[in-house]
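Asker: Structure in structure tokens, see below.
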Amino acid sequence: MYEKLVKYSLLLVVVILAFSCEKRNHQGDKTVAEVGNKKLYLSEIAAILPNNLDKGDSTVLADEYIRKWIRQELMLKKAEENLPVDLKNVNRELEEYRNSLIIFRYKNEIMAQRMDTSISQNEILRYYQSHGDNFKLSRNIMKAVFIKIPAEFANPEELKKITANTTPEGISEIRDYCLQYAKQFDIFTERWVDVERVMNNIPATIENMEQFLKNNQYIEHQDSEFYYLVTIHEYMLRNELAPEEYVRKDIKNLILNRRKMEFLKNLENNIYQEGLNRNSFKIHNIETDET
């Protein structure tokens, strides 16, 4: 059976372009596989094959699709034969799914058209100041310069001096030096970075990072090949209030999500009120059979 399936799938590639992807009736179409009274047609396989595939890849993809279709139809056939009637009635679930999907798409479309997604810096600051307890750091962070340089080129004192200058001219000098000599470098004096992310680049372990940061301006390590230097310009420790710039993106998302919830709530209320004003619905009293 499998050899026959493979042999047939090889023939698919020869004629597959003759069938339109838009074809909906199967008059004159070739049957590829059957399970019970269900049939898989050649045009259905043509519809799922990208135009730019070569013959070999088309054959593999067609063969996989055929076997997947057979497995699914066999499982469906077995379920149809063995499930009781009440469990096979999925009309209600399908209708609920359709309704939910249409409403979801409508809400997204209305939000895209009407909801204001711009968030000012003042809004961010107000939210940050009002919810400070929610923005405690869960990790140590820093602003620093990281350099990994071949040991033969390393001059630690000179490197510390260069990386200590964060003026525009100093940053330019650091970058020029690193481009010429460094194996790896990163300048993050204008953004906060997770300390652990930096330490992943250094083959050394610091047992008590919080205490180390309080007492040191540099993290340095040297092995037989490289000299590693981190010049620390600022740091903040876990459980401290995160700097606003570090959580700015998170705050934007929180504000936007709150705005979405409020927008959708108002949308539903407005639609309900519109229906009420237009007498678009009736509520019946089942006990008295009155409206």
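Asker: In the Gaussian network model of the chain, springs joining C-alpha atoms below 10 Å, which of PRO156, PRO203, PRO50 carries the largest mean-square fluctuation?
Answerer: PRO50
Asker: From the phi angles alone, apply the Karplus equation (6.51, -1.76, 1.60; θ = phi - 60°) to region 200-212 and give each ³J(HN,Hα) in whole Hz, x where the residue is Gly or Pro.
Answerer: So the J values, rounded to whole Hz, are 5, 8, 10, x, 8, 10, 10, 5, 10, 5, 4, 5, 4.
Asker: Here's another thing I want to ask about it. Could you give the semi-axes, largest first, of the ellipsoid that matches region 87-165, computed as the square roots of 5 times the alpha carbon gyration tensor eigenvalues and rounded to whole Å?
Answerer: Gyration-tensor ellipsoid for region 87-165: 55, 23, 15 Å.
Asker: How high is the FRET efficiency from ARG191 to ARG278, r the C-beta distance, R0 51 Å, rounded to 0.05?
Answerer: E between ARG191 and ARG278, to the nearest 0.05, is 0.40.
Asker: Of the residues ILE219, ILE141, ILE70, which exhibits the maximal mean-square fluctuation in a Gaussian network model of the chain defined by a 10 Å Cα contact cut-off?
Answerer: Largest GNM mean-square fluctuation: ILE70.
Asker: So, one more: How large is the accessible surface of TYR246 in square angstrom, using a 1.4 angstrom probe and rounding to the nearest 10?
Answerer: Counting only protein heavy atoms, TYR246 exposes about 80 Å² to solvent.
Asker: Let me ask something else. In region 229-255, whose amide N lies under 13 Å from the spot 7 Å out along Cα-to-Cβ of GLU210? List them in ranges.
Answerer: Once the point is set 7 Å along Cα→Cβ of GLU210, 236-241 turn out to lie under 13 Å by backbone N, inside region 229-255.
Asker: Just subtract the alpha-carbon distance of HIS221 and THR167 from 0.36 nm times their residue separation and send over the number in nm, one decimal.
Answerer: 16.9 nm
Asker: Please list the non-local residues whose amide H lies under 5 Å from the amide H of HIS233, H modeled 1.01 Å from N, same-chain partners needing a gap of 5 or more.
Answerer: Amide H neighbours of HIS233, under 5 Å, 5+ apart: LYS143, ALA144, VAL145.
Asker: State to the nearest 20 debye the size of the charge dipole of the chain about its Cα centre, where the only charges are +1 on K and R beta carbons and -1 on D and E beta carbons.
Answerer: My answer is approximately 1000 debye.
Asker: How much of TYR106 can a 1.4 Å solvent probe reach, expressed as accessible area in Å² and rounded to 10?
Answerer: 110 Å²
Asker: Bin width 10 Å, origin at 0, all Cα-Cα pairs of the chain: what percent of pairs per bin?
Answerer: Histogramming the chain at 10 Å steps yields 5, 15, 13, 12, 15, 20, 15, 5, 1, 0 percent.
Asker: What does the accessible area of MET261 come to, in Å² to the nearest 10, when a probe of 1.4 Å is used?
Answerer: Rounded to the nearest 10, that gives 140 Å².
Asker: Output ³J(HN,Hα) for region 244-258: one whole-Hz value per residue in order, computed from phi by the Karplus curve 6.51 cos²θ - 1.76 cosθ + 1.60 with θ = phi - 60°, and x for Gly and Pro.
Answerer: 4, 5, 6, 10, 4, 5, 4, 5, 4, 5, 5, 5, 5, 5, 5
Asker: So what is the calculated 222 nm ellipticity per residue for the chain, using -39500 (n - 2.57) for each DSSP H run with n of 4 or more, over all residues, to the nearest 500 deg cm²/dmol?
Answerer: On the way: 11 runs with 155 residues, N = 291.
So the helix-based figure for the chain works out to -17000 deg cm²/dmol.
Asker: Which order do PHE153, PHE185 take by accessible area at a 1.4 Å probe, largest first? Spell out each step's value before the answer.
Answerer: On the way: PHE153 105, PHE185 65 Å².
Of PHE153, PHE185, the descending order of accessible area is PHE153, PHE185.
Asker: Also, I was wondering about something else. Report, to the nearest whole %, how much of the accessible area of the chain belongs to carbon and sulfur atoms, 1.4 Å probe, protein only.
Answerer: Answer for the chain is 49 percent, counting heavy atoms of protein chains only.
Asker: For region 116-161, what is the charge dipole size about the Cα centre, in debye to the nearest 20, if Lys and Arg each add +1 at the Cβ and Asp and Glu each add -1 at the Cβ?
Answerer: 160 debye
Asker: Filter the cross-link list LYS39/LYS78; LYS107/LYS260; LYS143/LYS249; LYS38/LYS88; LYS30/LYS88; LYS136/LYS252 down to pairs whose alpha-carbon distance in this structure exceeds 20 Å.
Answerer: LYS30/LYS88
Asker: Using a 1.4 angstrom probe, figure out how much accessible area the chain has per residue, in square angstrom, rounded to the nearest whole.
Answerer: Normalised by residue count, the accessible surface of the chain is 71 Å².
Asker: Equivalent-ellipsoid semi-axes (√(5λ), Cα gyration tensor) for region 137-227, whole Å, largest first? It would help to have the intermediate numbers written out before the result.
Answerer: Working: eigenvalues 90, 58, 26 Å².
Computed over region 137-227, the values are 21, 17, 11 Å.
Asker: For the chain, set up a Gaussian network in which alpha carbons nearer than 10 Å are linked by springs, and say which option among ASN257, ASN279, ASN270 fluctuates the most.
Answerer: The residue that fluctuates most here is ASN279.
Asker: Treating only the Cβ of Lys, Arg, Asp and Glu as charged (+1, +1, -1, -1), what charge dipole size does region 140-231 show about its Cα centre? Round to the nearest 20 debye.
Answerer: Once rounded to the nearest 20, the dipole reads 200 debye.
Asker: Apply the Karplus parameterisation 6.51 cos²θ - 1.76 cosθ + 1.60, with θ equal to phi minus 60°, to every residue of region 270-280 and state each ³J(HN,Hα) to the nearest whole Hz, in sequence, with x for glycine and proline.
Answerer: For region 270-280, the Karplus-derived couplings read 5, 5, 5, 5, 4, x, 5, 5, 9, 6, 7 Hz, x marking Gly and Pro.
The values are calculated or read from the model by the stated rules, or taken from the named source; none is laboratory data. All values reported here derive from a predicted model rather than from experimental measurement. A quick note on method: Cβ atoms are made from the backbone with ideal geometry, for glycine too, and the neighbour counts reach across all protein chains shown. To get the accessible areas, we keep the full protein, side chains included, count just its heavy atoms, and leave off ligands, DNA and RNA. Shrake-Rupley method; radii C 1.70, N 1.55, O 1.52, S 1.80 Å.
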